[in-house]
Amino acid sequence: MAPVMLRTEGLAKGFTLHLRGGIRLPVLAGVTLQVHAGECVVLSGPSGSGKSTLMRSLFGNYRAESGRILVRHGGELVDLAAADPRAILAIRHDTLGYVSQFLRVVPRVPALDVVAETLIARGTAIDTALERATDLLLRLNIPHRLHGLPPATFSGGEQQRVNLARGFIAGHPILLLDEPTASLDAGNRTVVVDMIREAKSRGTAIVAICHDTDVRDAIADRLFPLTPLQDAA
Amino acid sequence: MSEATLLSARGLTLRFGAIPALVGVDVDLWPGEMLAVVGESGSGKTTLLNVLSGRLAPDAGAVWYRDPAGRLHDVHTMPAPALRTLHRSDWGFVQQDPKQNLRMNVSAGGNVGERLMAQGARHYGNIRAQALDWLTQVEIDADRIDDLPRTFSGGMLQRLQIARTLVTHPRLVFMDEPTGGLDVSVQARLLDLIRSLVTRIAAVLVTHDIAVARLLAHRIAVMQRGRVVETGLTDQVLDDPQHPYTQLLVSSVLNA
Amino acid sequence: MKGYNFAYLDEQTKRMIRRALLKAVAIPGHQVPFGSREMPLPYGWGTGGIQVTASVLGSNDVLKVIDQGADDTTNAVSIRRFFARTAGVRTTTRTAEATVIQTRHRIPEKTLRDDQIIVYQVPQPEPLSRLESSRIETRRMHSLADYGLMHVKLYEDLARYGQISISYDYPVLVNHRYLMSPSPIPAFDNQKMHMMPALQLFGAGREKRIYAIPPWTEVRSLDFDDHPFRTINADRPCGLCGARDAYLDEVVIDDHGGRLFVCSDTDHCAERREAGHRGDEGVREAAE
């Protein structure tokens, strides 16, 4: 039985909008999710059901209000919800990877360096890292001539592929993917599906949000449904 | 003070007459991490920086620094020579106006080499070689090494200040709005430089620009009227702000 | 001389100056403030040196006064006569005979002995004055031994000229601690200060500072490891006595560009000539 890599217990998350007179928006309540090594769980549910909120909470980007988020880090299950900032950064560095829906663009840094950065930060030699980054970008159909350019001027699809390369290159044991194929054409969708399958076979635990039913069927071992806590606005 | 922190402050309080500049501020900084202090003008962030670096004494509270040997020093009661030595070696301070921190009638190379000479470096060739190396790292043309800073642009002056500050490999750098007053493209270059050079160095970065904080800092502290209202992981505080003022600050930022 | 105390200054003033001198000797190279008195000559004419000399002179002392090495300039003559009148001490032009030597801007060529005192006239006692205009800041730099700025100046010289351009008043580090102005003596003379057997006293009347170097003290001229300080000898001998290792003055002797290079130290030159040494121009009289 593959080990549990990620488990939430009674996870609850809401927002208090102080700028709107302090109204409270509950989004998640009592979420209990479990993901094993090599497994891909796809979050499903209509808009507003909290899929993104759950994903961001799993990454520590949103602060859980109650409950635990247990992550297998360094061989042990560590509660991300109770961890201090340095611990969260350490978990993100070694264990937990995240591919957001849009690339956050940093001016001046070439695409190749954007991808290689994560690998170099984990101790890989610069030459090796740049080589692997190059291979990955080419696999995602980003041609050589774009590697030295900052992604700010790339198309949405190109930016997303840089984002994917950056997320996959380091080989984190747990990956969170938010709409990994959203702006991609059929060819690139296939590449990404293959990359996800390879990651799974390496034992990576994956949580994904994916609206494309074909891709979802290709990667998901399980669906995790979420229902909105309140009627959609 | 927690075991591993590099710099810690508790209960910092300071009034300028009737104006409360700092009200019960606590700060912790760990080795190798960058802490951004954000807030609007008058929030007390520059005052906090000056108190943390020993340049301004608080009315109440204390600041402790842990030296490489692990010993704790109270920054405001340590002897003046020791604090001065600290500022010249282990610590660095990047001012908003680089002219405050540069000798305008000394060449670029002399400016970068000064801290080395203050520490006892006495080999002209080595000093010059290190100065050249740093000028290259901050993307200043090597053949400007003998030029006076008054011939430099604003962005170049700021990069020269950074070279001058980092040349002694400080463990802790204080930065006060390092990109303030610079053109957007110049800012981008400078931020890129700071990102690549200030790795594994602990830093306290004061800025009113949230985007700068997001780009550079591991943790962020939000100040309002002398108080730290929220502190935590940068992306968490900016994407899921809890305090009303933080929510206001984040929602006020224009996205290009 | 009627109406004046021995050596012009009243005893209380001498006591105050001697206390300053003691403190100065105890902290080699450190500038000690003192209450500079009104002297019968204006600031800039050696009032500091005169006050120090007046405070250390005793009736058995033999006084020599030189001005840029010469005993016979107007100022050297005036000061020597001043002390002859107000103290009644014996005066001399012979370095070997003197027990107290007051000097402006030179150190005699002859090595001084441990029973001699040399008193320097100092215009600007602060070695960092041209680099840092704030006295508060220079005092702080001295107290913290924070002399990076002076090394920056030397670095700048090397970068700009390929060599250190300071030819007089070359800054020195005294007893491994204090940065000191040796007074505007030529860099050529700096070496003589190092481990000198005589007591060296410095007086700045206008700036109201006294400092000192006790006998046998280390005095190092600032330099870089790869550009060490060097004493540069003149490329020719003295025209009168043929000395090859003395500091030379250039003297214009006629309207056709004729020049004569002679020892700046008049006593040294005279002594050598008495001993029979002659330079190429030895038959001519030195210009007065």
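Values quoted throughout were computed directly from the atomic coordinates according to the rules given, and no laboratory measurement underlies them. If you're wondering where the values come from, they're calculated on a predicted model, not measured in any experiment. Neighbour counts run over all protein chains shown; Cβ positions are idealised from the backbone, glycine included.
Results, tabulated for the structure shown:
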| item | result |
| --- | --- |
| Average beta-carbon neighbours from other chains, 10 Å sphere, peptide B:104-114 | 4 |
| Nearest-0.05 FRET efficiency for C:THR111 and C:ARG177, computed from C-beta distance (R0 25 Å) | 0.50 |
| Shielding of A:84-93 by partner chains, average beta-carbon count, 10 Å | 4 |
| Cβ charges +1 (Lys, Arg) and -1 (Asp, Glu), total dipole of the protein assembly as shown, debye | 1700 debye |
| Neighbour-count order for C:ARG244, B:ARG128, B:ARG225, fewest beta carbons within 10 angstrom listed first | C:ARG244, B:ARG225, B:ARG128 |
| Packing-based exposure ordering (other Cβ within 10 Å, fewest first) of B:LYS99, C:LYS2, A:LYS13 | C:LYS2, B:LYS99, A:LYS13 |
| Isotropic mean projected area of the C-alpha convex hull, the stretch C:62-190 (nm²) | 9.7 nm² |
| The stretch B:193-244 pair-distance distribution - Cα-Cα, 5 Å bins, rounded % | 4, 18, 30, 26, 13, 6, 2 |
| Spacing of the two label points (7 Å from each Cα toward its C-beta) at C:ARG94 and B:LEU254, in nm | 9.1 nm |
| Mean-position separation - Cα centroids, the stretch B:35-77 and the stretch C:89-128, in angstrom | 53 Å |
| Förster-model FRET efficiency, 30 Å R0, B:HIS208 and C:LEU144, C-beta, rounded to 0.05 | 0.30 |
| Aspartates and glutamates whose Cα lies under 19 Å from that of C:LYS23, excluding same-chain neighbours fewer than 8 positions away | C:GLU11, C:GLU126, C:GLU207, C:GLU218 |
| Distance from the stretch C:215-276 to the stretch A:18-53 (C-alpha centre basis), Å | 91 Å |
| Rounded if a/c under 1.5, otherwise prolate or oblate - the stretch C:184-288, Cα gyration tensor axes | prolate |
| Averaged over B:228-238, number of beta-carbon atoms from partner chains that fall within 10 Å | 3 |
| Label point distance in nm, B:GLN100-C:ARG259, each placed 7 Å from Cα along Cα→Cβ | 5.2 nm |
| Length added when fully stretched, B:THR199-B:VAL184, from 0.36 nm per residue minus Cα-Cα | 3.1 nm |
| Sorted peptide list for B:134-144, B:155-165, criterion being average Cβ within 10 angstrom, highest first | B:155-165, B:134-144 |
| B:PHE16, C:PHE83 arranged by Cβ crowding within 10 Å, fewest neighbours leading | B:PHE16, C:PHE83 |
| Span from the the stretch C:50-64 Cα centroid across to the the stretch B:108-175 one, whole angstrom | 51 Å |
| Counted charge near C:SER36, where neighbours are those whose Cβ lies closer than 9 Å (Asp, Glu -1; Lys, Arg +1) | +2 |
| Length-normalised contact order for chain B - Cα pairs under 8 Å, 6+ apart - percent | 26 percent |
| Per residue, the convex hull volume that the Cα atoms of chain A enclose (Å³) | 141 Å³ |
| Segments A:144-153, B:188-197 sorted - mean Cβ within 10 Å per residue, highest first | B:188-197, A:144-153 |
| Cβ charges +1 (Lys, Arg) and -1 (Asp, Glu), total dipole of chain A, debye | 440 debye |
| Listed residues C:ALA270, C:ALA159, C:THR111: farthest to the positive end of the dipole of chain C (Cβ charges) | C:THR111 |
| Chain A: relative contact order as a whole-number percent, Cα under 8 Å and 6+ apart | 29 percent |
| Residue-count net charge about A:PHE15 - beta-carbon cut-off 14 Å; Lys, Arg +1, Asp, Glu -1 | +2 |
